[in-house]
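The structure appears below as structure tokens.
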Amino acid sequence: MSKYLINRLLVAIPTLIAISLVIFTILALAPGDPMGEFALNPSITAEVRENIKRSLGLDQPIHIRYFKWVIAFVRGDMGYSFTSRSPVIDLIWQRLPTTLWVVGAAYLLGALLAIPLGVISALKRNTVIDQVLTTLVFFGFSLPPFFTGLLFIIIFSIQLKWLPFIYNSTLQVKDWQSFIAQIQQSIMPISVLALWQAAMLMRFVRSEILENIHQDYVRTAYAKGLPKFVVIIRHILRNALIPVVTLIALDIPSVFTGALVTEKVFRVPGIGALLIDSIYKNDTPVVMAITFIYAILIVIFNLVADILYGLLDPRVKYTR
């Protein structure tokens, strides 16, 4: 097991280096000038703009800037934002709690709904329950989050006036009333994300349950006299979750990097909204930091998924 982890880590390092090189090169060669906002200000002369550009290191060759960025990132320095002049790591830490609350709660809720509903749908195959759940999954997976978000705003905010449609980032939970307000403003973005997440996971759970339910080991378990609930939980579901684990593990990094579209629809001040705003403003350090952190999380949780395989399936051995 330890040798397997070491080998995976040794493979992950050049992978991350290649990813960082590609991302940095694309952002460096992308159209747009980070100093464009100063060009419209008549009080800032060309000489001042050049001094600012020099202070940010934008006058140096791409390869020099890349190596400086790698060295700084390893030290924990992600640079400074071109627009706000604030450290990038501070901007990310400011947005991270909101993203973890909204996207994390939605992801957890979606997973908690998808697994039992997927099992029920598979066990009740071709019944009314299965048809209803399959129809809901079809709509939940087919409708994009921005459409569902706008639909929720029209119904629950404009028509019924039950929930606020703009997320109040200045709200601080200090008492019971402010806690209720926090829950109310989080219901719609969490529900939109949870609906899509549950629909995506549920169809995989249902498919895997149907694939395993007629296997020989299931018939053997029933022949031993095991109760149906035990067979489903300990045997069928355990094997059915093996491919689902990959899907869940690879999607967990989105919990940390935010939901791009949903955060913009509901004005949630998360990392996803920060990424979109930074792309619009050509704020390269912020875009580079967020995208590379996402790549690191993908590699890490891919390794976590491989480790979980061994826990779910004893047949998996980490040997050559």
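The values are calculated or read from the model by the stated rules, or taken from the named source; none is laboratory data. Given the structure is predicted, the values throughout are model-derived calculations rather than measurements. No Cβ is skipped: glycine too gets one built from the backbone with ideal geometry, and neighbour counts run over all protein chains shown. With ligands, DNA and RNA removed, areas are computed over all heavy atoms of the protein, side chains included. Shrake-Rupley method; radii C 1.70, N 1.55, O 1.52, S 1.80 Å.
Before moving on, here are some points about what is shown:
- Cα-only radius of gyration and Dmax that characterise the stretch 108-227, units Å: 19.3, 61
- Projecting the Cα positions of Leu109, Pro269, Pro285 onto the charge dipole of the chain (unit charges on Cβ atoms of Lys, Arg, Asp and Glu, taken about the Cα centre) puts Leu109 furthest along the positive direction.
- Principal-axis tilt of helix 176-212 within the chain, Cα atoms, nearest 10 degrees: 50 degrees
- About the Cα centre, charge dipole magnitude for the chain (Lys/Arg +1, Asp/Glu -1 at Cβ), debye: 980 debye
- Chain lengthening between Ile183 and Leu160 when straightened (0.36 nm per residue, less Cα-Cα): 6.6 nm
- Pairs of lysines in the chain whose Cα atoms sit within less than 20 Å of one another amount to 5, provided the residues are eight or more positions apart or on different chains.
- Where the Cα pairs of the chain fall when distances are cut into 20 Å bins, in %: 25, 48, 24, 3, 0
- Helix 237-251 and the long axis of the chain differ in direction by around 10°, with both axes built from C-alpha atoms.
- Spin-label model, Leu210 to Leu100: label points 7 Å out along the Cα-to-beta-carbon direction sit 3.9 nm apart.
- When the charge dipole of the stretch 160-236 is built from unit charges on Cβ atoms (+1 for Lys and Arg, -1 for Asp and Glu) and taken about the Cα centre, the candidate among Phe165, Tyr217, Gln182 whose Cα reaches farthest toward its positive end is Tyr217.
- Here is the list for the stretch 157-204: chymotrypsin sites (Phe, Trp or Tyr not before Pro) lying in DSSP coil, each with at most 14 other C-beta atoms within 10 angstrom of its C-beta, are Trp162.
- Structure-based [θ]222 nm, the chain - -39500 (n - 2.57) summed over DSSP H runs of at least 4, per residue, nearest 500: -23000 deg cm²/dmol
- Note on the stretch 172-320: Kirkwood hydrodynamic radius from all Cα pairs is 18.7 Å, rounded to one decimal.
- Volume per residue that the Cα convex hull of the stretch 82-142 spans, once the total is divided by residue count, Å³: 101 Å³
- Per residue accessible area of the chain, 1.4 Å probe, in Å²: 58 Å²
- Relative contact order of the chain, taken over Cα pairs closer than 8 Å and 6 or more residues apart, is 27 percent.
- When a 1.4 Å probe is rolled over the protein heavy atoms, the share of accessible surface on the chain that falls to carbon and sulfur comes to 68 percent.
- The stretch 101-194: trypsin sites (Lys or Arg not before Pro) in DSSP loop, at most 13 other beta carbons within 10 Å: Lys161, Lys174
- Pairwise label distance in nanometres, Asn168 with Leu151, each label 7 Å out on the Cα-Cβ vector: 2.9 nm
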